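**Q** Got a structure for you, written out below as structure tokens; questions coming shortly.
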Amino acid sequence: MEAVISGLATGFGVALDPFNLFLVLAGCFAGTLIGALPGLGPINGVAILLPIAYGLGFGPESALILLAGIYYGAEYGGRISSILLNVPGDAGAVMTTLDGNPMARNGEAGRALSLSAVASFIGGTFAVVLMSLFAPLLSAFAVTFSPADYVALMVFAFASLASLVGKSTTKTLLGATIGLMLATIGVDANTGVARYTFGIPDILAGIDFLIVVVGLFGMAELLTLVEHQVSGKLKSLPVDKSFVRWSDIALTKWTIARSSVIGFFIGILPGTGASVASAVAYGTEKRLSDSKGTFGHGDMRGLAAPEAANNAAAGGAMVPMLTLGIPGSGTTAILLGALLMFNIQPGPLMFTQRPDVAWGLIASMYIGNVALLVINLPLVGLFARMLTIPQHYLTPLIAILAFIGIYTIVGNPFDLLLITGLGIFGWFLRKMDFSLAPVILGFVLGSLFENNLRRALSISGGDWSILVSDYKSIVLYVLAVLVVALPVYLTRRARRMEGDADRGGLV
Amino acid sequence: MADRIFAGVLLVVSLAYAVIAFTAISAPFQYDPLGPESWPRLLAIVAIVCLLIILWKPDTDSLGVTGRTWFRLAATIILLVAYAELYEPLGFIVSTILFGTTMAAMLGAGILRSAAFGLAAGIAGYLLCVMLLDLNLPAGEIFETLFEPSSPAASEGES
């Protein structure tokens with residue numbers, strides 16, 4: 001407990017520095033703007049702004065604070081296009097459209113937007129408070145992890161990814177493997193052997209993380225926008241003067257509380273992010289309190305549940321990223337890559353080696369949450385204007401931003417061709433119903449996975465049984481099997497019960 | 001069907017990856033039992049197994065992209081490649097004006113509005129990024145050789 005208080009004191013010392021405070025606010029503002037752009041989800045927003053934020057040449061803690069602000073802001077901004085346009089920016093926002101958009105169509109757009117801002121604020125703050133309590137404990141435990149335990153942890157992370165993310169387990173697993181394969185390109189750090197470079201000097205050091213992120217997310221998004229090109233403007237519902245009332249919050253308070261808890265703990269699971277959390281929270285809430293069948297027709301609880309869960313999961317996903325170095329979602333994978341670029345290895349030692357960065361980031365999330373509530377309630381009309389930017393200006397703008405960001409890293413025009421190529425690849429993956437988050441997770445975790453495996457086998461002298469010699473690894477492998485087997489078992493059982501019910505009805 | 005084609009192409013790539021992993025990669029000396037080649041071998045096997053499953057049971061029939069959309073996508077990619085190739089020779093401002101204008105016009109904006117957008121993006125973008133944010137963007141090789149008397153070609157001519 002003392003460690004938490006002194007850590008938070010350090011953190012707020014960093015985050016309340018006037019310049020960093022400005023960066024939190026600027027990040028939240030820019031994030032909300034880019035998150036509100038129709039069809040551009042948080043992950044794409046962060047991907048496009050990341051290289052630019054990197055190119056500004058700030059210190060690691062300032063750059064991370066800026067990025068976390070953008071990440072948070074984009075999560076907030078995403079709901080604006082969900083509610084007003086019925087166009088979710090990412091998978092996590094799909095549930096928000098179910099009740100948010102009907103509310104706006106009933107002439108309560110302002111009320112829906114402000115309620116979702118309050119729900120997001122509560123969910124987000126709850127997650128940050130839990131995170132500051134849990135993260136030091138978890139990192140203190142994680143210090144005892146051996147390389148073999150890390151291998152088990154990775155297996156667990158990829159297992160939960162494969163079972164919970166995306167439509168097809170095989171495709172998710174393949175996506176993660178593609179990411180891992182991309183990470184093997186370049187010179188092997190242990191032996192100095194070049195792998196898959198084909199003599200091209202530009203990729204001897206491996207494909208830069210930023211290039212993969214901007215290519216797979218930003219450029220693929222651009223091609224998707226071109227594909228779905230709608231002529232002229234999208235029709236946005238007007239933001240009216242209606243506003244959230246105390247009675248609304250009183251009505252939804254238990255919904256928000258339940259959904260925050262659900263969101264946080266699902267967010268912690270490695271590999272699963274806001275999309276699973278908001279879906280589970282909405283489903284739970286619907287089962288618990290939809291007695292009159294109002295869900296889906298503009299029920300406030302149906303809006304508050306996914307919004308609270310969404311933001312709680314965004315915070316929860318930071319826990320494994322900061323303490324274990326295993327990101328909990330696609331977007332935190334990007335933040336993890338950003339940390340690596342600053343030569344900070346996230347993981348158990350970060351809290352002791354770089355407390356300014358770890359706690360500064362956490363403190364900035366407290367501030368960011370408050371800032372977003374303050375920015376969002378009065379300025380939502382301004383952000384809603386972003387929705388009416390015609391697509392034919394938005395699309396080239398994404399390319400220009402992506403090119404600026406990538407060129408400023410090292411000034412190599414070859415990288416611009418590389419992101420275009422990866423963008424085409426990412427577009428095809430999306431068309432084939434692959435989820436892109438596993439690819440980026442695989443890419444980020446690739447070298448960590450391989451190095452720990454090699455280290456573990458070096459310790460044992462090539463004996464593979466070291467991988468299952470510790471209770472921690474065995475527990476993790478059991479969890480990995482459970483996380484794959486349980487959903488399969490549950491759907492089978494549900495189908496069988498449905499089948500029984502049908503047969504009962506026939507008789 | 002689309003699934004099978006895509007998986008087939010990926011399978012060829014993965015097989016090539018596997019061949020390299022099993023034959024080409026080897027370290028002259030190494031300290032760890034796995035070496036640089038074992039990890040790619042493992043990955044290649046996992047990828048090939050996944051791809052065979054997809055080939056066995058595909059679930060996406062067609063991409064649902066019409067001929068016109070394919071044309072527009074191809075045009076976008078050509079524009080992006082051209083933009084990338086011209087980025088350094090023409091410099092950020094000129095290449096962005098060209099790219100922004102053509103792209104906006106192709107996507108359905110009026111020609112005057114597209115030109116205005118391109119000009120604004122090129123000039124405002126350069127001012128914002130280079131002057132305000134101090135980022136590194138190409139000024140353009142052509143202009144450097146034209147206007148800078150201290151460039152090697154010019155000084156050779158003088159001497």
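**Q** Within 14 Å, Cβ to Cβ, of residue A:68, how many net charges do the neighbouring residues add up to if Lys/Arg are +1 and Asp/Glu are -1? Each step should come with its number before you reach the end.
**A** On the way: positive: none; negative: A:61, A:75.
Cβ neighbours under 14 Å give a net charge of -2.
**Q** Once you order the gyration tensor axes a ≥ b ≥ c over the Cα atoms, which shape class does chain A get: rounded for a/c under 1.5, otherwise prolate or oblate by comparing a/b with b/c?
**A** Taking the square roots of the gyration eigenvalues as a ≥ b ≥ c, chain A is rounded.
**Q** Using the Cα centre as the reference, give the magnitude of the dipole from point charges on the C-beta atoms of the protein assembly as shown (Lys, Arg: +1; Asp, Glu: -1; all else neutral), rounded to the nearest 20 debye. List each step's numbers first, then the result.
**A** Numbers: 34 positive and 41 negative charges, 494 e Å.
Roughly 2380 debye, rounded to the nearest 20.
**Q** With every protein chain in place, what's the accessible area of residue B:77 (1.4 Å probe, Å², nearest 10)?
**A** Residue B:77 has an accessible surface of roughly 40 Å² with all protein chains in place.
**Q** With the radius of gyration and the Kirkwood radius both derived from the Cα set of the range A:53-108, what is their ratio Rg to Rh?
**A** Numbers: Rg = 15.4 Å, Rh = 12.7 Å.
We get a ratio of 1.22 for the range A:53-108.
**Q** Something else about it: Can you compute the equivalent ellipsoid semi-axes for the range A:1-79, i.e. the square root of 5 times each eigenvalue of the Cα gyration tensor, sorted largest first and rounded to whole Å?
**A** Gyration-tensor ellipsoid for the range A:1-79: 25, 14, 10 Å.
**Q** Would you grab the residues whose amide H sits under 5 Å from the one on residue A:195? Only those 5+ places off in sequence or on another chain, please, with H modelled 1.01 Å from N.
**A** Under 5 Å from the amide H of residue A:195 lie the amide H atoms of A:186, A:187, A:188, each far enough along the sequence or on another chain.
**Q** Within a 10 angstrom radius of each residue's Cβ in A:388-398, how many Cβ atoms of other chains show up on average? Whole number is fine. Spell out each step's value before the answer.
**A** Numbers: counts 0, 0, 6, 4, 11, 10, 2, 5, 19, 6, 0.
Rounded to a whole number, the mean comes out at 6.
**Q** Oh, and also: Once you order the gyration tensor axes a ≥ b ≥ c over the Cα atoms, which shape class does the range A:198-316 get: rounded for a/c under 1.5, otherwise prolate or oblate by comparing a/b with b/c?
**A** It comes out oblate by the Cα gyration axes.
**Q** Additional query: Looking at A:109, A:218, B:39, which one has the Cα that reaches farthest to the positive end of the dipole of the protein assembly as shown (charges on Cβ: Lys, Arg +1; Asp, Glu -1)?
**A** Checking the options against the dipole of the protein assembly as shown, the answer is A:109.
**Q** Considering Cα pairs under 8 angstrom that are at least six residues apart, work out the relative contact order of chain B and quote it in whole percent.
**A** It rounds to 19 percent for chain B.
**Q** Provide A:150, B:87 ordered by accessible surface of protein heavy atoms (probe 1.4 Å), highest first. Mind dumping the intermediate values first?
**A** Details: A:150 30, B:87 0 Å².
Accessible-area ranking of A:150, B:87, largest first: A:150, B:87.
**Q** Where a ≥ b ≥ c are the square roots of the eigenvalues of the C-alpha gyration tensor, would you call the range A:317-453 rounded, which needs a/c under 1.5, or, failing that, prolate if a/b is larger than b/c, or oblate?
**A** Working: a/c = 1.83, a/b = 1.12, b/c = 1.63.
Taking the square roots of the gyration eigenvalues as a ≥ b ≥ c, the range A:317-453 is oblate.
**Q** Per DSSP H run of n ≥ 4, the term is -39500 (n - 2.57); total these for chain B, divide by its residue number, and report the mean residue ellipticity at 222 nm rounded to 500 deg cm²/dmol.
**A** Theoretical 222 nm ellipticity from helices: -23500 deg cm²/dmol.
The values are calculated or read from the model by the stated rules, or taken from the named source; none is laboratory data. What you see is a predicted model, and the numbers here were worked out from it, not measured in a lab. Don't worry about glycine lacking a Cβ; one is built from the backbone with ideal geometry, like all the others, and counts go over all protein chains shown. When the accessible area is computed, the model is the full protein with side chains, heavy atoms only, and any ligands, DNA or RNA have been set aside. Shrake-Rupley method; radii C 1.70, N 1.55, O 1.52, S 1.80 Å.
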